[in-house]
Amino acid sequence: MLARAVCANRILVQDGVYDAFTKRLAETAGAMKVADGFEPGAVIGPLIDMKAAEKVEAHIADAVKKAPRWSPAASAPPKASSSSRQY
């Protein structure tokens, strides 16, 4: 059986709740454990390959470039490396 991950590429947030939303989103995402999918407590596992990692990096760069406001609490993950096999 094949698994497929689907997620939004953009989140539109009403201006009146933007600051509270981004603060809570950053706190929630920052608390998620990123690790090997078999590691206990892991919430986010690795990407399937370098192509997928490059796609994510492109989405991040595009969002930063186009965002009307960028939260300083939000930060990009480290660049993917094929030598480390950490995508």
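The values are calculated or read from the model by the stated rules, or taken from the named source; none is laboratory data. Here the structure is a predicted model, which means the values were calculated and not measured. Don't worry about glycine lacking a Cβ; one is built from the backbone with ideal geometry, like all the others, and counts go over all protein chains shown.
Checked against the criterion of being in a loop (DSSP other than H, G, I, E, B), surrounded by fewer than 13 Cβ atoms within 10 Å (Cβ to Cβ) and either modelled with pLDDT of 90 or more or under 14 Å from the mean Cα position of the chain (by Cα) (or both), the candidates Ala76, Ala3, Ala20, Ala61 yield just one match: Ala76. Just for region 25-51: of the residues that are part of a helix (DSSP H, G or I) and surrounded by fewer than 12 Cβ atoms within 10 Å (Cβ to Cβ), which one is modelled with the lowest pLDDT? Checking each candidate, the answer is Gly30.
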